[in-house]
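Report on the structure given below.
The values are calculated or read from the model by the stated rules, or taken from the named source; none is laboratory data. Quick caveat, the model's predicted, so the values are computed rather than measured. When we count neighbours, we look across all protein chains shown, and the Cβ atoms used for this are built from the backbone with ideal geometry, even at glycine. Note: areas computed on protein heavy atoms with side chains; ligands, DNA, RNA excluded. Shrake-Rupley method; radii C 1.70, N 1.55, O 1.52, S 1.80 Å.
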Amino acid sequence: MEPPPPLQNSLSECHRADVGSECHRADVGVRRSTSHSFKDDKLKDKLYVCSAQGTRVKDKRDVNVKKHRAETRFECLARMKISLTQTSKYAIVDFYSYHTHITTTPRKSHLFRSQRRLSTAIITQVDMADASGIAPRESMEFLSRQSGGRQNVGIIPLDYKNYLRYKRTRRMETGNTGCVLEYLQKMKLNDPIFFPAIQVDKDDLITNIFWNDVRMVVDYDYFGDVVSFDTTHMKNKDERPFSMFVGVNNHRQTIIFGDALLYDETAETFMWCFDTFAETMSGKKPKSIFTDQDAAMAKALASQWAESCHRLCIWHLFQNAAKHLFHEFHKFNDFTKDFTNCVYDYEDEIEFTDAWKKMLAKYNLQNNDWLKGLFSLREKWALIYARDTFCAEMTTTQRGESLNSVLKNILVTSMI
């Protein structure tokens with residue numbers, strides 16, 4: 001079946017720049033594409049396309065991504081172009097209605113991003129529910145009943161959570177910020193070697209906070225050859241990750257070298273955190289550092305602490321293996337043993353490589369993308385590559401994570 005020819009149509013005045021989202025009410029998503037403006041910034045023309053237009057670029061992220069996004073681009077040709085005519089009115093000059101994919105049903109059209117809008121009325125109700133301590137789930141149910149169904153609310157639960165996260169992380173109240181600064185100043189007066197560091201954004205809002213004291217500095221001077229860095233899952237009300245630099249002393253006791261309250265978990269944030277930590281320790285960097293399998297951390301360490309041996313937490317590795325190789329772990333009784341042997345037991349690199357290849361062949365996993373990515377990082381987790389590196393018998397970041405229960409009793413969630 002040949003696609004229908006492009007159609008041209010006229011449109012009465014439509015002065016808004018987002019005319020496509022206002023005038024379009026179909027069972028497909030709409031995306032703003034290209035636009036042109038005159039020298040006085042007045043809109044000249046704008047092109048709206050189907051959300052499935054074009055093709056997605058190749059995913060350059062690590063193969064260890066837990067859940068890949070579903071494919072949403074199908075080279076759809078549907079489009080609508082609006083241009084300013086000689087009569088100073090906007091008109092549709094190009095309209096192409098053919099879709100190369102199956103469109104959705106009207107009951108599901110509210111799931112498209114272009115069909116959702118966080119209106120002032122919804123924002124007001126969300127703010128009131130949040131201030132009253134009502135959970136997002138319960139608030140969404142109320143909005144659904146009030147609107148006559150989820151499809152009439154105008155947002156989905158993800159939009160609700162994203163708004164709360166944005167509000168809590170970007171709008172820090174002046175009083176709370178003052179409390180943080182007052183607390184850090186008080187600690188500095190009591191301990192001259194107490195080191196607080198604060199990073200602010202372009203709007204002078206606090207983003208990242210790091211601190212350590214004299215005890216941490218002395219402990220690091222003696223026992224700082226091996227460090228475990230963990231971004232705990234325990235977060236405060238503003239959903240900011242709390243991170244710790246942790247090590248062990250000569251009695252195998254857990255000691256803390258530094259703490260950080262971070263804005264997010266991007267490579268730039270971790271770079272600032274690692275640089276600040278090294279600065280407080282007179283430039284001394286650990287010989288080995290253990291982290292989880294986080295691409296942003298790996299990028300920051302490769303950039304700022306390239307001379308430190310970066311090791312991956314074995315516990316996290318097995319947790320990820322259990323997710324990605326669930327079928328093999330449950331179907332084959334010997335798979336756990338073979339996989340564990342590759343991690344721990346070999347003393348020679350050639351033996352390790354041969355055992356790895358035999359394991360892949362035995363369970364027909366030669367084309368498994370997750371294992372391919374894991375093997376490319378083998379120098380960070382296989383113990384054969386850590387024989388000549390001092391690791392203080394550490395193989396995981398569990399020492400940092402085990403402090404979560406203690407932190408829950410110490411940290412005040414309303415501090416920031």
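Condition check for Asp221 on (1) of a type in the set (D, E, K, R); (2) over 25 Å from Arg252 (Cα atoms); (3) at pLDDT 90 or above: one failure, at (2). Just wondering, is there one or more residues in the range 320-337 that are under 23 Å from Arg387 (Cβ atoms), of a type outside the set (A, V, I, L, M, F, W, C) and in contact (Cβ under 8 Å) with a residue 12 or more places away in the chain? No, the conditions are met nowhere in the range 320-337. Of all the listed residues (Asn409, Asn368, Asn364, Asn320), the sole one being out of contact with any strand residue (DSSP E or B) (no Cβ under 9 Å at 6 or more places or on another chain), within 25 Å of Leu262 (Cβ to Cβ) and modelled with pLDDT of 85 or more is Asn320. Contact map, the range 373-388: first residue within 12 Å of Asp345 (Cα to Cα), second residue open to solvent by 40 Å² or more (accessible area, probe 1.4 Å) and of a type outside the set (S, T, N, Q), Cβ cut-off under 6 Å, separation 6 or more or different chains; pairs are Leu383/Tyr344; Ile384/Tyr346; Ile384/Glu349; Tyr385/Glu379. Residues being aromatic (Phe, Trp, Tyr), more than 30 Å from Tyr222 (Cβ to Cβ) and touching a helix residue (DSSP H, G or I) at 6+ places or on another chain (Cβ under 8 Å) are represented in the range 262-278 by at least one member.
Taken over the range 384-401, the residue count meeting the criterion of being at pLDDT 75 or above, buried (at least 16 other Cβ atoms within 10 Å of the Cβ) and assigned to a loop (DSSP other than H, G, I, E, B) is 2. Residues in the range 261-273 that are modelled with pLDDT under 90 and closer than 21 Å to Val180 by Cβ were compared, and the one that is farthest from the chain's Cα centre (by Cα) is Leu261.
Selection within the range 254-310: residues that are part of a loop (DSSP other than H, G, I, E, B) and open to solvent by less than 30 Å² (accessible area, probe 1.4 Å). The member of this set that is nearest to Leu383 (Cα to Cα) is Ser308. Per the listing Phe339, Phe318, the residue uniquely open to solvent by less than 60 Å² (accessible area, probe 1.4 Å), out of contact with any helix residue (DSSP H, G or I) (no Cβ under 7 Å at 6 or more places or on another chain) and more than 28 Å from Lys284 (Cα to Cα) is Phe318. Filtering the range 124-150 to residues that are in a helix (DSSP H, G or I), hydrophobic (A, V, I, L, M, F, W, C) and open to solvent by 50 Å² or more (accessible area, probe 1.4 Å) leaves Met128, Ala131, Phe142.
In the range 86-100, the residue that is surrounded by the most Cβ atoms within 10 Å (Cβ to Cβ) out of those that are aromatic (Phe, Trp, Tyr) and under 18 Å from Ser35 (Cα atoms) is Tyr90. Residues of the range 164-211 that are closer than 20 Å to Thr266 by Cα and at pLDDT 80 or above: Ala197, Ile198, Gln199, Thr207, Asn208, Ile209, Phe210, Trp211. Checking each residue in the range 348-383 for being touching a helix residue (DSSP H, G or I) at 6+ places or on another chain (Cβ under 6 Å), open to solvent by less than 80 Å² (accessible area, probe 1.4 Å) and over 19 Å from Ile289 (Cβ atoms) picks out Phe352, Ala355, Trp356, Met359, Tyr363, Leu365, Trp370. Of all residues in the range 308-319, exactly one satisfies the criterion of being of a type in the set (Phe, Trp, Tyr) and in contact (Cβ under 8 Å) with a residue 60 or more places away in the chain, namely Trp315. Say we look at the range 151-161 and pick out the residues that are within 17 Å of Ala135 (Cα to Cα) and assigned to a helix (DSSP H, G or I); which of these is most open to solvent (accessible area, probe 1.4 Å)? So the residue we want is Lys161.
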